[in-house]
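Encoded as structure tokens, the structure appears first; notes follow it.
The values are calculated or read from the model by the stated rules, or taken from the named source; none is laboratory data. Note that this is a predicted model, so its numbers are computed, not measured. Here the Cβ is made from the backbone with ideal geometry for all residues, glycine too, and neighbour counts use every protein chain on show.
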Amino acid sequence: MPVRLPLLFGIATAFGLSSTVQSYLLSVSTGRKPDGMIGHLLLLNLVYWYVPALVSPLVFRLAARYQFARGQGWRPYAVHLAGALAYSLVHSSAMLATRVLLMHQPPPSAGWWFGARIEYLTQLDWVLMTYLFLVGIAHALEYRRESERRAVDSAHLETRLIEAQLESLQRQLQPHFLFNTLNAISGLMRTDVEAADRMMDRLGHLLRMALDSSTAQEVPLKDELEVLHKYLDIEQVRFGARLQVTMRIETDALAARVPNFLLQPLVENAVRHGVAPFTRPGHVEIEARRERDRLVIRIMDSGDGVAPSLLTLMNQGVGLSNTRARLQHLYGRDHAFVFSNEAGFCVKVAIPFVACDGEVDEAKAGAA
């Protein structure tokens with residue numbers, strides 16, 4: 001555990017000065033002559049606090065290695081008892097050496113050995129408390145570091161779990177779409193072989209584009225629109241003049257990052273429920289625009305909408321669970337996924353606007 005000695009000695013100096021002032025004021029209050037005493041008081045008090053500052057790194061390392069309540073049995077207690085006694089001897093020796101060598105203090109009438117024992121026993125409880133205080137600080141710092149390490153590990157595990165869940169959700173989309181498309185091609189083989197062949201050709205292009213970006217969780221909107229165009233080409237073969245598509249995409253929105261394969265299932269849902277059930281021509285409208293720090297995407301169909309009770313359930317989480325789960329994993333509460341009845345049925349997605357690096361200029365050039 002790294003210990004900053006300048007900080008420790010700064011704190012010790014502050015305590016030494018404070019103790020000196022207290023001792024001086026106490027001497028004055030009791031009528032003792034303070035002349036010549038202030039220097040000695042300062043020296044003694046600084047040594048008194050510099051000793052624990054000097055041994056703190058050793059105590060911290062000892063406390064980090066022998067922690068209480070860590071399944072080490074009696075060993076931490078024995079180690080710290082020995083450490084506390086050793087510290088008390090070092091501290092008393094330092095104080096005695098200061099009096100003899102630096103202050104040239106004469107020995108007590110009973111001799112230095114008697115004086116050393118009195119000094120040791122007088123200060124023992126406070127010195128032991130100082131040692132235990134250092135051990136407590138070391139334990140607190142170690143617990144904090146371990147807590148931070150566990151928080152980081154937990155965040156990494158959560159990130160990996162979310163990535164695995166997103167990959168699983170994304171893989172579910174492509175087989176679903178592939179099954180539906182192959183089913184449509186199978187139906188066309190009996191009525192229009194040429195149309196079925198065109199669908200197979202466009203399906204191949206679409207699958208190549210989807211597989212090229214299959215590992216990416218987010219892609220530029222312009223790339224997502226390219227995939228969507230391939231999908232709509234397939235549906236155009238299937239429905240012919242019955243399907244009309246309008247896209248209104250703002251230039252600034254083209255570089256925005258969106259979940260990979262986000263639009264296709266939403267547009268497929270619009271085609272399935274807003275176009276396919278009717279013999280009349282159907283219309284799907286796709287909008288994307290930037291609203292300050294948000295990217296807003298709306299997909300509307302010309303169907304009859306849904307019943308108000310079902311609309312309420314959908315806004316509470318029923319339907320399109322895969323897309324909803326991906327948005328939740330990627331953006332948490334910082335997104336909106338809302339359904340409404342307008343001219344037909346409308347799906348609105350709002351996510352944070354984040355431009356892909358190096359895509360802004362290219363997107364503008366492509367839109368121009």
>> Please go through (1) within 15 Å of Gly136 (Cα to Cα); (2) surrounded by fewer than 20 Cβ atoms within 10 Å (Cβ to Cβ); (3) at pLDDT 80 or above; (4) of a type in the set (A, V, I, L, M) for Ala69 and return the number of the only condition it doesn't satisfy.
In response: (3)
> What number of residues within segment 338-368 are within 17 Å of Leu221 (Cβ to Cβ) and either part of a helix (DSSP H, G or I) or modelled with pLDDT of 90 or more (or both)?
Replying inline: 17
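Residues checked against (1) surrounded by 15 or more Cβ atoms within 10 Å (Cβ to Cβ); (2) in a helix (DSSP H, G or I):
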site	(1), (2)
Gly240	no, yes
Met247	no, no
Asp252	yes, yes
Val271	yes, yes
Ile299	yes, no
Leu327	yes, yes
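Yes/no per residue for (1) part of a helix (DSSP H, G or I); (2) modelled with pLDDT of 75 or more; (3) over 30 Å from Pro106 (Cα atoms):
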residue	(1), (2), (3)
Ile11	yes, yes, yes
Ser19	yes, yes, no
Val28	yes, no, no
Pro34	no, no, no
Leu43	yes, yes, no
Ala53	yes, yes, no
Phe60	yes, yes, yes
Ala63	yes, yes, yes
> For segment 276-330, what are the residues that are under 14 Å from Leu262 (Cβ atoms), among the basic types (Lys, Arg) and over 29 Å from the mean Cα position of the chain (by Cα)?
Replying inline: Arg298
> Is there any pair with a first residue in segment 301-323 that is in a loop (DSSP other than H, G, I, E, B) and a second that is among the charged types (D, E, K, R) whose Cβ atoms are under 8 Å apart and which are 6 or more apart or on different chains, and what are they?
Replying inline: Gly305/Glu342; Gly317/Arg324
> Are any of the residues in segment 322-329 in contact with a strand residue (DSSP E or B) (Cβ under 8 Å, 6 or more places away or on another chain), at pLDDT 85 or above and of a type outside the set (S, T, N, Q)?
Replying inline: yes
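Go through segment 293-315 residue by residue and tally those that are among the polar types (S, T, N, Q) and under 23 Å from Phe278 (Cα atoms).
Going through segment 293-315 one residue at a time, the tally reaches 2.
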>> Among the residues of segment 246-260, are any at pLDDT 85 or above and either among the basic types (Lys, Arg) or at positive phi (or both)?
In response: yes
> Can you find even one residue in segment 289-297 that is charged (D, E, K, R) and on the phi > 0 side of the Ramachandran plot?
Replying inline: yes
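For (1) modelled with pLDDT of 80 or more; (2) exposed (fewer than 12 other Cβ atoms within 10 Å of the Cβ); (3) part of a helix (DSSP H, G or I), each residue gets a yes or a no:
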{"position": "Ala84", "(1), (2), (3)": "yes, no, yes"}
{"position": "Val100", "(1), (2), (3)": "no, no, yes"}
{"position": "Pro107", "(1), (2), (3)": "no, no, no"}
{"position": "Tyr120", "(1), (2), (3)": "no, no, yes"}
{"position": "Gln123", "(1), (2), (3)": "no, no, yes"}
{"position": "His139", "(1), (2), (3)": "no, no, yes"}
{"position": "Glu142", "(1), (2), (3)": "no, no, yes"}
{"position": "Glu167", "(1), (2), (3)": "no, no, yes"}
{"position": "Gln174", "(1), (2), (3)": "no, no, yes"}
> Looking at segment 288-305, which of its residues are in contact with a helix residue (DSSP H, G or I) (Cβ under 9 Å, 6 or more places away or on another chain) and either over 19 Å from Arg248 (Cβ atoms) or of a type outside the set (Ser, Thr, Tyr) (or both)?
Replying inline: Ala288, Arg289, Arg290, Leu295, Val296, Ile297, Ile299, Met300, Asp301, Gly303, Asp304, Gly305
> Looking only at residues in segment 329-351 that are surrounded by 15 or more Cβ atoms within 10 Å (Cβ to Cβ) and among the aliphatic types (A, V, I, L, M), which one is farthest from Ala270 (Cα to Cα)?
Replying inline: Leu330
